[in-house]
Amino acid sequence: MAGIIVQKYGGSSVADTESIRRVAKRVVATKNQGHHIVVVVSAMGKETDGLLNRAFEVSKSPSRRELDMLLTCGERASMALLSMAIHELGEEAISLTGSQCGIITNDRHSGARIIEVRPIRLQDELEKGRIVIVAGFQGISYKKEVTTLGRGGSDTTAVALAAALNAEYCEICSDVDGVYTADPRVVEAAEMLEAISHEQMLELAAHGAKVLHKGCVEIARRTGIVLYARATSKFGGGTRIDLPGASENVDAVGVSGQKNLVRLRASGDTCLERVLTISERANVPALHLDTDMNSADIWFSLDDIPDWIGVKGDLDADIEVLEGVGAASVVGDNIGGDSAKLNLARSVAQGADINIVAMSSSPLRVTLFCEQSHVDQLVRSLHKEFISKAYAEA
Ligand code: ADP
Ligand code: ASP
Ligand code: MG
């Protein structure tokens, strides 16, 4: 069989009929170069947000299971429409759900992890010469429940399929040309990276750079699948995720911002046990944990807790809840091990008159937590100091 290429198109790339037609042409053009094509699609435009809003109109605290049932409809609609658009171009295509593609996950609704991919049905269709269109962001648990992979999870569907099919490469096609040194919508001076290591990309993705979903970078790192972040409007180019960045002499590689965070604080002898029990019961990934054993803080992203109103309602009255917070992170080799860099990050925030409510570091990252409304300004200030200056000097 000829080589397989997996392409993923995000919501803005399939937002309306014209965009779907453009994507269909790009897919057929790639097939005509002599490849087998698997296409993963997201829901059209802001459809997932629309479905979520509809759910909250009906119920203040919908169950995660029913939310998963609802949200997977968004991707189903776009896969069927893209398949129809490809038929119109005279090519054979078939749309398949995550479950039909054998994407098996654990049973954590609203943020499931892929355990195994058994793409037998998909391979059959490819062998018949068809273009296979797959609904992103979804799978089926071993209990036969429909699950979703968390916001932005279609990227992860694409790389998981690429790995299972031993594809030549996987391209995540979006409304940006590739991975930039910061969100180009926030930082005008952001520059596109030709390449970035898996580790650095993981840190950026896990801390708000939504150009790639964290899960997709994890799978690419584990399986060695060649991964590109590219523009839907072009062929080729973009950022390759695996090689060290082009500017190896520049310490910091990127700055990311994250909004919609929440901090829970417990006090007293059992503070740590209490915050960890909350996190375990609510079954959500913690972003950051900090304690001196008299007081314990745990941070979450509300994107991971669609039923936050219910979770919050179950908290004991003495748990302190801080909402409306966010964070800005600088990622680069050994940044967290360099006290001068940590102090520089702190002083950048001070210089911008931004109050820091917490700070954390790992070998590749420093993160400053602040009020949500200050995140963009902090990202711009950190980018100016850590990236723009270094590029100018390099
Ligand atoms: P899609 O709908 O195609 O999945 P997303 O909205 O999830 O696209 O991701 C693309 C967006 O990610 C861009 O429009 C951009 O605003 C944002 N973004 C955040 N950080 C970065 C970054 N470092 N490089 C490029 N884009 C970024
Ligand atoms: N449609 C889902 C979301 O908006 C998944 C994705 O776009 O990857 O989060
Ligand atoms: Mg996305």
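For the chain, the residue among Phe56, Tyr180, Ile86 whose Cα projects farthest onto the positive side of the dipole built from Cβ charges is Ile86.
Based on alpha-carbon atoms, the Kirkwood radius and the radius of gyration of segment 56-194 give Rg/Rh equal to 1.02.
This model, with +1 at the C-beta of Lys and Arg and -1 at the C-beta of Asp and Glu, gives segment 125-247 a dipole about its Cα centre of some 480 debye.
Using the structure shown, list the pairs from Lys46/Lys144; Lys210/Lys234; Lys60/Lys210; Lys25/Lys128; Lys143/Lys312 with a Cα-Cα distance above 24 Å, or answer none. Table pairs above 24 Å Cα-Cα are Lys46/Lys144; Lys60/Lys210; Lys143/Lys312. For segment 260-368, the Cα-based Rg and Dmax, in that order, read 15.1, 43 Å. Taking the longest Cα principal axis of the chain as reference, the axis of helix 214-223 is set at about 70 degrees. Counted over segment 160-209 with a bin width of 10 Å, the fraction of Cα pairs per bin, in whole percents, is 21, 48, 25, 5.
Over the chain, what is the percentage of antiparallel beta bridges among all DSSP beta bridges, to the nearest 5? If you can, show how the numbers build up before the last one.
Working: 44 of 72 bridges.
Beta bridges within the chain, antiparallel portion: roughly 60 percent.
Over all directions, the projected convex hull of the C-alpha atoms in segment 332-389 averages 3.6 nm² in area. Treating r as the C-beta distance of Glu323 and Arg118 and R0 as 35 Å, the FRET efficiency rounds to 0.25. With 0.36 nm allotted per residue and the present C-alpha distance subtracted, the Glu57-Asp338 stretch has 96.3 nm of extension available. Order of Lys8, Lys259 from fewest to most other C-beta atoms within 10 Å? The order, fewest Cβ neighbours first, is Lys259, Lys8.
Taking 4 °C and 1.567 mPa s as conditions, segment 207-286 diffuses translationally at an estimated 78 µm²/s according to Stokes-Einstein applied to its Kirkwood radius (Cα pairs). Given segment 1-74 reduced to its alpha-carbon atoms as identical point scatterers, what log10 I(q)/I(0) does the Debye formula return at q = 0.12 Å⁻¹? Debye curve over Cα of segment 1-74, log10 I(q)/I(0) at q = 0.12 Å⁻¹: -0.46.
Each semi-axis of the equivalent ellipsoid for segment 193-241 is √(5λ) with λ an eigenvalue of the Cα gyration tensor; in descending order they amount to 17, 13, 9 Å. Rounded to the nearest 20, the Cβ-based charge dipole of the chain about its Cα centre (Lys and Arg +1, Asp and Glu -1) stands at 980 debye. Backbone geometry of segment 261-275 corresponds, through the Karplus equation with coefficients 6.51, -1.76 and 1.60 at θ = phi - 60°, to 3J(HN,Hα) couplings of 9, 9, 10, 10, 10, 10, 10, x, 4, 9, 4, 5, 4, 5, 5 Hz, x marking Gly and Pro. The order of Lys214, Lys312, Lys341, Lys143, going from fewest to most other C-beta atoms within 10 Å of their C-beta, is Lys143, Lys312, Lys341, Lys214. The phi-based Karplus calculation (6.51 cos²θ - 1.76 cosθ + 1.60; θ = phi - 60°) puts the 3J(HN,Hα) values of segment 133-143 at 9, 10, 6, x, 6, 9, x, 9, 7, 5, 8 Hz, whole numbers, x for Gly and Pro. Taken along its three principal axes, the alpha carbon spread of the chain comes to 64, 53, 33 Å, from the longest extent down to the shortest. All distinct Cα pairs of segment 252-293 go into the 1/r average, and the inverse of that average, the Kirkwood radius, is 12.2 Å. By the Cα gyration tensor, segment 138-279 has an equivalent ellipsoid whose semi-axes, rounded to whole angstrom, run 29, 22, 14 from largest to smallest. Count the DSSP beta bridges whose two residues both fall in segment 90-181, then state the antiparallel fraction as a percent rounded to the nearest 5. Approximately 50 percent, going by the DSSP bridge assignments. When chymotrypsin sites (Phe, Trp or Tyr not before Pro) are flagged only if DSSP places them in a loop and at most 15 other Cβ atoms lie within 10 Å, the longest unflagged stretch of the chain comes out as 236-394.
Distance between the 7 Å Cα→Cβ label points at Asp16 and Met293: 6.2 nm. Full extension of the chain between Ser373 and Lys234 gives 46.6 nm of extra length, using 0.36 nm per residue less the Cα-Cα distance.
Where a number appears in this text, it was derived from the coordinates with a stated rule and is not lab data. None of these values were measured; they are calculated from a predicted model. Heads up, the Cβs are rebuilt from the backbone with ideal geometry, glycines too, and the neighbour counts pull from every protein chain shown.
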